[in-house]
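Colleague: What follows is a structure written as C-alpha cells; I'll ask about it next.
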Amino acid sequence: MLLRNLILLIVALSGVLAAQSPLTEPETNIPEGVVIDADAQPTDEKIQMRLESIFGELDGLKEVEVSVKYGIVTLRGSVPNGEAANEAVALTEHTKGVVYVRNQLEDSALISSRLEPAKEKATKLGREFVRKLPLILIAAVAFALFWLLAKWFGMRENWFRKWGMHELSAKLLARTGKLVIIALGILIVLEILDATAVAGAVLGVAGVAGIALGFAFRNIVENYLAGILLGLRNPFNTGDAISVEDYSGKVVRLTSRDTVLMTPDGNHIRLPNSLLMTSPLTNFSRNALRRFEFAIGVSVELDLNSVRELGLSALQEVKGILTDPAPLIVIEELGDSTVNMRFFAWIDQRESDYLKTKSEAIRRVKVAFDDNDVEMPEPIYRVVMKRDSATSKETANRPVIESTPSAGEEQDTAVDKTIDKQLQEELSQDDEANLLAAKS
C-alpha cells in the first residue's frame, strides 16, 4: 500500500515539475512594428538569403524554400503544422523590401514530423526528471512519513474517548487531525520541490469547486453538519422517547443525514437532521420522572375542598404514582355549569408506563367520585322530561351495574416494552451506521 502511494506521488511530482519546466521553445510571434532589414537597399537576392538564414535557425521552418522576384516572395515546402506556416509568413511580411507574400506551404502529413516535437518534449521531460530525481526521492520519503503519521493519528480515537468525548466527536477529531497532517505533508513536499505556486493554484481551484458543490449539495451538507452537531450536543440517545414538531417516537439511530424514529404504532420516521437542529425538541426520557395531567369538571354546588381531598386520596391509591413529588389538584376555571379541576401526578418511567398509569388514575378518580355521589355534569344544556308512574316503575326495574370496591383490584401500570423490543430487533437486523451506538 505504501509502495503504491510512493509510486503515485513520484508520478504526480514529475507532472508538477514538468508543468514548471520550460519544455517548449519560446513563442515566435512577431511583435507589431518589427522590421527585418536585408540591406540598406535590399535586392531580391539579399531578401532571399536573409529569409533562408532565418528559417534555417528555426525548428519546423528548415525545409521552407524561398524565391523572390520584384519583391514578391514565394514560400514553398512542408511545415509541421499551421502555426509554423503562420510564423513563416509573419517573418516574411516583416522583412524590409517585401511587397507581397505568396504562401504555398503545405502541412506535412508524415508521422515522423508530427511526432518529432512530442519526442523532443519527452526527452526534455526525462532530462528534467533525472536532474531533480534526488529532490523527488526526498519529497517522496517526507510524504511517506507524514502519511504514516496521519494514519497512526487517525486510529487514536480511543484517546479522545478517554477524555469523555462522544464517539462521533472522537471520530471527527481524529479524521480532521489526519487530514491536517496530510495537508501539511503536501505543503512541505511542494516546498522541497519549489512548487508552492502550484499549491496556490490548486487551492484556488478547490475553493471555487467547493463553493459550487456547496450550492449544489446544500441540503446534504446541511444535514451532515447538523448530524455532527447533534452528536456533539448529545440531546438524545438510542431508545429515548422524543417529540419534534408533529412527530414523536423512540430514537432508533442517528445517521449522518437523518434521525430514525419508531412511532408508538411501530412505524419508522426519518427526520432530516437539520429539522432536529432548528426545531424545538422534547426528550421525555432524559428525566426519569414524568408528570401527567387530566381535567375533570364537577358540579358547582359541591364543596371543592372535600372534592379535592377525595381526588388526592384516589390518586394516592394508584400503583406507580409517586408520593414525592406528591400529586396535586388545582381549580382551573369556573365554567358555565361545572368547576373544572386539573389533576397532576408524577411517575418514574423506569418502573411505570405513562399511558397505563394515567388511564388507571382517571379510572380511579371516576370510581371514587361515583361512590361518593360527586356529580360530574356535562357542560351542555339538557332538557329533562317528566315520566308517568308506569315509566318510572319500568325504569326502576332495569338492572343496575354495581361498582365493586377498588381497594383490592389488580392494577397494571408496568412499563410497556412492546416498542422497546421492536427497536432492539431493528438494531440487531439492520447494519446501518448508528452514530449513537456508543450511547445506546
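The values are calculated or read from the model by the stated rules, or taken from the named source; none is laboratory data. What you see is a predicted model, and the numbers here were worked out from it, not measured in a lab. Every residue, glycine as well, gets a Cβ built from its backbone with ideal geometry; the counts of neighbours run over all protein chains shown. Side chains are part of the model used for accessible areas, which takes the heavy atoms of the whole protein and leaves out ligands, DNA and RNA. Shrake-Rupley method; radii C 1.70, N 1.55, O 1.52, S 1.80 Å.
Colleague: For the range 312-343, give me each residue that is open to solvent by less than 30 Å² (accessible area, probe 1.4 Å), within 27 Å of VAL300 (Cα to Cα), touching a Leu at 6+ places or on another chain (Cβ under 8 Å) and part of a strand (DSSP E or B).
Modeller: If the condition is that a residue be open to solvent by less than 30 Å² (accessible area, probe 1.4 Å), within 27 Å of VAL300 (Cα to Cα), touching a Leu at 6+ places or on another chain (Cβ under 8 Å) and part of a strand (DSSP E or B), then ILE329, VAL339, MET341, PHE343 are the ones that fit.
Colleague: What is the one condition in (1) among the basic types (Lys, Arg); (2) under 14 Å from LEU51 (Cα atoms); (3) at pLDDT below 80 that LYS96 does not satisfy?
Modeller: (3)
Colleague: So, one more: For residues in the range 297-319 being in contact with a Lys or Arg (Cβ under 8 Å, 6 or more places away or on another chain) and not charged (D, E, K, R), which is farthest from GLN349 (Cα to Cα)? Show your work before the answer.
Modeller: Taking the range 297-319 as the starting set, the residues that turn out to be in contact with a Lys or Arg (Cβ under 8 Å, 6 or more places away or on another chain) are 314-315, 317-318.
When the remaining residues are screened for being not charged (D, E, K, R), the result is 314-315, 318.
Numbers: ALA314: 20, LEU315: 17, VAL318: 15 Å.
The extreme case among them is ALA314.
Colleague: Separate question: Out of LYS62, LYS69, I need the residue that is in contact (Cβ under 8 Å) with a residue 24 or more places away in the chain and of a type in the set (D, E, K, R). Which one?
Modeller: Exactly one of LYS62, LYS69 is in contact (Cβ under 8 Å) with a residue 24 or more places away in the chain and of a type in the set (D, E, K, R), namely LYS69.
Colleague: Quick one: count up the residues across the range 279-308 that are touching a residue at least 24 places away in the same chain (Cβ under 8 Å) and within 37 Å of the chain's Cα centre (by Cα).
Modeller: Looking only at that region, the number is 11.
Colleague: Considering each residue of the range 401-440, count those that are closer than 16 Å to GLY239 by Cα, open to solvent by less than 50 Å² (accessible area, probe 1.4 Å) and at pLDDT 70 or above, and give that number.
Modeller: The total comes to 8.
Colleague: How about the range 80-105: which of its residues are surrounded by 19 or more Cβ atoms within 10 Å (Cβ to Cβ) and either not hydrophobic (A, V, I, L, M, F, W, C) or not in a helix (DSSP H, G or I) (or both)?
Modeller: Hits for the range 80-105 are PRO80, GLU87, THR92, THR95, GLY97, VAL98, LEU105.
Colleague: Please work out which one of (1) under 30 Å from GLN424 (Cα atoms); (2) of a type outside the set (A, V, I, L, M); (3) open to solvent by 50 Å² or more (accessible area, probe 1.4 Å); (4) touching a strand residue (DSSP E or B) at 6+ places or on another chain (Cβ under 7 Å) is the condition PRO280 fails and give its number.
Modeller: For PRO280, the failing item is (4).
Colleague: Suppose we filter the range 344-362 for residues that are open to solvent by less than 40 Å² (accessible area, probe 1.4 Å), in contact with a strand residue (DSSP E or B) (Cβ under 7 Å, 6 or more places away or on another chain) and not polar (S, T, N, Q); how many remain?
Modeller: 6
Colleague: Taking the range 27-83, which residues are modelled with pLDDT of 80 or more and of a type in the set (Asp, Glu)?
Modeller: If the condition is that a residue be modelled with pLDDT of 80 or more and of a type in the set (Asp, Glu), then ASP44, GLU45, GLU52, GLU57, GLU63, GLU65, GLU83 are the ones that fit.
Colleague: Is it true that THR24 is β-branched (Val, Ile, Thr) and modelled with pLDDT of 55 or more?
Modeller: Numbers: β-branched (Val, Ile, Thr): yes; modelled with pLDDT of 55 or more: no.
Answer is no for this residue.
Colleague: Read through the list (1) open to solvent by 50 Å² or more (accessible area, probe 1.4 Å); (2) closer than 30 Å to ILE228 by Cα; (3) in a strand (DSSP E or B), then give the number of the only condition that LEU261 fails.
Modeller: (1)
Colleague: Residue check: is VAL180 at pLDDT 70 or above and open to solvent by 20 Å² or more (accessible area, probe 1.4 Å)?
Modeller: Yes.
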